[in-house]
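A quick write-up on the structure given underneath.
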Amino acid sequence: VLPHDLSLEDVLSRVLKDLAVGSKRFLTNKVDRSVTGLIAQQQCCGPLQLTVADMAVIAQSHFGLTGAVTSIGEQPLKMLINPAAGARMSVGEAVTNIMWAYIGKIDKIKCSANWMWAPKLSGEGAALYDAVSAMRGLMIELGIAVDGGKDSLSMATKVGDEIVKSPRELVISAYSAVSDITEKVTPDIKNPGESSLIFIDIARGKTRLGGSILASVFRQIGHESPDVDDPKSLKNTFDAVQTLISKDLIIAGHDISDGGLITTILEMAFSGNCGLYINMEGEKKWIERFFAEELGAVIECNNDRLNETVETLKAFGLDFFIIGDTKKEKRIIIHYNKECILDSDMKTLRALWEETSYQIERLQMNPLCADEEKKNIYDRKGPTYRITFKPEPTPEYIFGLKDRHHVAILREEGSNGDREMTSAFYQAGFIPWDITMTDLISGRVSLDRFRGLVAVGGFSYADVPESAKGWAAAIRFNNRLQEMFNEFYSRPDTFSLGVCNGCQLFALLGWVPWQGIEDRRQPRFVRNTSGRFESRWVTVKIMKSPSIMLRGMEGSILGVWVAHGEGRLYFPDMGLLEDVRKRNLVPLVFVDDDGRQDGIESQSYPFNPNGSPYGITGLCTEDGRHLAIMPHPERAFLKWQWPWLPDDLNKKLEASPWLQMFQNARIWCDKVK
């Protein structure tokens, strides 16, 4: 039961702020989404990296394209109305989320089913039976299966005289192997101004509003839940999308779930940083058509291949409609039954979608940084990359050489970036060795045999003594190790790289910017200005410096991962900071979308995610042999590791630009005997 005088903008102002619909930035930016370097698709998509991804994709290794895709489906609000329908919709949501990665056949999908229920209470046991039976029946018709799960069936407690129980909940986690992790489609619109949107209506015209976010924001539940009335339509949609992906006919796609059709198309525009013109007709009222959470999907296809896409959808017997065009102008215009029901600035709507996340972030981090981010992301244009060299794969003959250089990949208790670092150096032509601090302390291994030493990222000793202090103490307070490290540092034929936790280590060892600085003046890395861990895809500029690993890359502006809680570079002696800059010992700085770096005190958050002066995110020595950087190039040395890469650049590049720095180290070793 809704007010009669509602406008679409009125409803959107509520729905887009709902936690189930709005941005999840407050969650994703504080967890490491790049660790292992095996992540081919995480939560964020598009040039602005918004939280709209439907599925996760992981690679099996750094040396091939095989991997796995996973998605989830859950519909607790619909369970309150009809547990059987809610269970079927959970399965349906998992399927419409996972179908954007190329799997092939639907029977390859397996699921984990997690039940949370209070079945001992009156009526709840029967409701659980209905839900389980409904899930089983739909899975049999689709040809997918449950091969595991977990039951939490004590979800009720008594508080005083009142019984408190959890909502009925079924979480379906779907997963499947994939032969090519790059064969996937994300929700962000890719080609604004030259593409169209097609709505695939799996529910075949039904628009039930029960259990919807629309009902929830008006403090209601409803009486009729969406359901999977036609399993064949769902299966055919999966098969059709898989066919479209295999033929490269669609460039973006998004399922319909929380918030309904309107949320789906808006999220596609938000993440594509563009506008839309939607024109639809139908017997239903606009509020039913746009806010019903029936199963469905929206796809983007280029106009020059629209006919081919339409013919493919017809071949699968689907109900579908061409609902509008994408636009470069950041404006959302919607006509329904020849009436304009929305004409709004996309940026304004996106700000509504970001609002709840922003308010939560103000409570869990430095509120000034949250305010700064809200201002800076309102009208972002997205990063512009510049590559001043030609990235190329390592020549095959290199891997067959018997006298390849050896590099020590050093880790400590809590390190987690060693495997991707090992792979990066291997693919550049090195022979990497997995070395632990225990190996060095026990005397089993010495640094004498190695040309390179790499301290990897992670959380040594859980960073309890603060970043890398435990790791540094294990070296500085062991005379034999201290001498071994100093000898390695001084050898003219060696190089070193410290990344993230390893970068913090090199600062505490006094390796950068040069040895001999008193501890009280030594630059070090301290807690981020935001006051929290930062996981982001940021943009950095490679500066002119003596660094051997960044030779020939000067002037390039590239995307790269950061994942740290204590990455702010602190200079106890500001005169030392100016000295470092004058000597060009700053090889890497954070920049914004226009390629500009921070000043000494300006706060350009989130482009500068930790608040370092001048956006400095790395230091090197004057001879260029020793480099310490906060970002993780080893998690972007393959093209598919980049969460966003402009299509024209992706097609042009033979290799990821970051592979060059590892190749540079090998080339230097070849020259310096």
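The values are calculated or read from the model by the stated rules, or taken from the named source; none is laboratory data. These numbers come from a predicted model, not from an experiment. FYI the Cβ positions are ideal-geometry reconstructions off the backbone, even for glycines, and counts take in every protein chain you see. Side chains included, ligands, DNA and RNA excluded: accessible areas come from the protein's heavy atoms. Shrake-Rupley method; radii C 1.70, N 1.55, O 1.52, S 1.80 Å.
Helix 83-98 against the longest principal axis of the chain: what's the angle in degrees, Cα atoms only, rounded to the nearest 10?
In the chain, helix 83-98 runs at an angle near 40 degrees to the longest axis.
So who's got an amide H within less than 5 Å of the one on Val591, skipping anything under 5 residues away but keeping other chains? H placed 1.01 Å off N, in plane.
Thr539, Val540, Lys541
Amide H of Phe320 versus every other amide H placed in the peptide plane: which residues, excluding those fewer than 5 positions away on the same chain, fall under 5 Å?
Hits under the 5 Å cutoff: Asp201.
Counting pairs of alpha carbon atoms under 8 Å apart in space and at least six apart in sequence, what relative contact order in percent does region 305-447 give?
Computed over region 305-447, the figure is 13 percent.
Go through region 148-215 and name the trypsin sites (Lys or Arg not before Pro) that are in a DSSP coil and have 13 or fewer other Cβ atoms within 10 Å of their Cβ.
Arg204
Return the inverse of the average 1/r over all pairs of distinct C-alpha atoms in region 97-242, which is the Kirkwood hydrodynamic radius, in Å to one decimal.
18.4
Which percentage, to the nearest 5, of the DSSP beta bridges contained in the chain is antiparallel?
Looking only at bridges with both residues in the chain, the antiparallel portion is about 70 percent.
Spelling out what I want: for every residue of region 614-631, take phi, set θ = phi - 60°, compute 6.51 cos²θ - 1.76 cosθ + 1.60 (Karplus), and round to whole Hz; glycine and proline get x.
Residue by residue, region 614-631 yields 6, x, 5, 9, x, 9, 9, 8, 5, 7, x, 7, 10, 9, 10, 9, 7, x Hz.
Using only the Cα atoms of region 545-629, what do you get for the radius of gyration and for Dmax, in Å?
12.5, 32
What list of ³J(HN,Hα) values in whole Hz, one per residue of region 17-32 in order, does the Karplus curve 6.51 cos²θ - 1.76 cosθ + 1.60 (θ = phi - 60°) give from phi, with Gly and Pro shown as x?
Per-residue couplings from phi come out as 8, 5, 4, 6, 9, x, 4, 9, 3, 5, 9, 5, 7, 10, 10, 6 Hz.
Determine the alpha carbon to alpha carbon distance for each of Lys24/Lys105; Lys347/Lys544; Lys24/Lys165; Lys30/Lys347; Lys206/Lys235 and list only those over 28 Å.
Lys24/Lys105; Lys347/Lys544
Any idea of the accessible area per residue across region 503-566, 1.4 Å probe, to the nearest Å²?
29
Count charges around Ala134 for me, please; just the other residues with Cβ under 15 Å from its Cβ, Lys/Arg as +1, Asp/Glu as -1.
It works out to a net charge of -4.
Using a 7 Å offset from Cα along Cα-Cβ at Lys285, what residues in region 319-362 end up with backbone N under 18 Å from the label point?
From region 319-362, the list is 336-342.
Would you mind checking which residues have amide H under 5 Å from Glu534's amide H? H placed 1.01 Å from N; only 5 or more apart, or other chain.
His564, Gly565
Near Lys402, which aspartates and glutamates are there with a Cα under 15 Å away, not counting those fewer than 8 places off in the same chain?
Asp670
Please give the per residue accessible area of region 51-154, computed with a probe of 1.4 Å over protein heavy atoms only, in Å².
40
I need the phi-derived Karplus couplings for region 586-596: 6.51 cos²θ - 1.76 cosθ + 1.60, θ = phi - 60°, integer Hz, Gly and Pro marked x.
10, x, 8, 9, 6, 9, 8, 5, 9, x, 9
Rounded to the nearest 10 degrees, what's the angle between the helix 346-364 long axis and the longest principal axis of the chain, both from Cα atoms, 0 to 90?
On a 0 to 90 degree scale, this one is about 60.
Can you pull the percent of region 554-607's accessible area that's carbon plus sulfur, 1.4 Å probe, other chains left in place?
43
How large is the convex hull of the Cα atoms of the chain per residue, expressed in Å³ as a whole number?
Convex hull volume per residue, Cα atoms: 176 Å³.
For region 87-220, with all protein chains present and a 1.4 Å probe, just round the carbon and sulfur fraction of the accessible area to a whole percent.
In region 87-220, the share of accessible area belonging to carbon and sulfur is 51 percent.
With angles folded into 0 to 90 degrees, how steeply does helix 231-246 sit against the dominant principal axis of the chain? Use alpha carbons for both and round to 10.
In the chain, helix 231-246 runs at an angle near 40 degrees to the longest axis.
Any idea what the relative contact order of the chain is, in percent, if you count C-alpha pairs under 8 Å spaced at least 6 apart?
This gives 14 percent for the chain.
Given the C-alpha atoms of region 36-137, compute the convex hull and give its volume per residue in Å³.
Value for region 36-137: 130 Å³ per residue.
At a Cα cut-off below 20 Å, give the lysines reachable from Lys338, other chains included and same-chain residues fewer than 8 away excluded.
List returned: Lys284, Lys285, Lys327.
Excluding Asp343 itself, what net charge comes from residues whose Cβ is under 11 Å from its Cβ, given Lys and Arg +1 and Asp and Glu -1?
-1
DSSP loop chymotrypsin sites (Phe, Trp or Tyr not before Pro) in region 1-101 with at most 12 other Cβ atoms within 10 Å of their Cβ, which ones?
Passing both the DSSP loop test and the Cβ count: Phe63.
Within 10 Å, Cβ to Cβ, of Val526, how many net charges do the neighbouring residues add up to if Lys/Arg are +1 and Asp/Glu are -1?
+1
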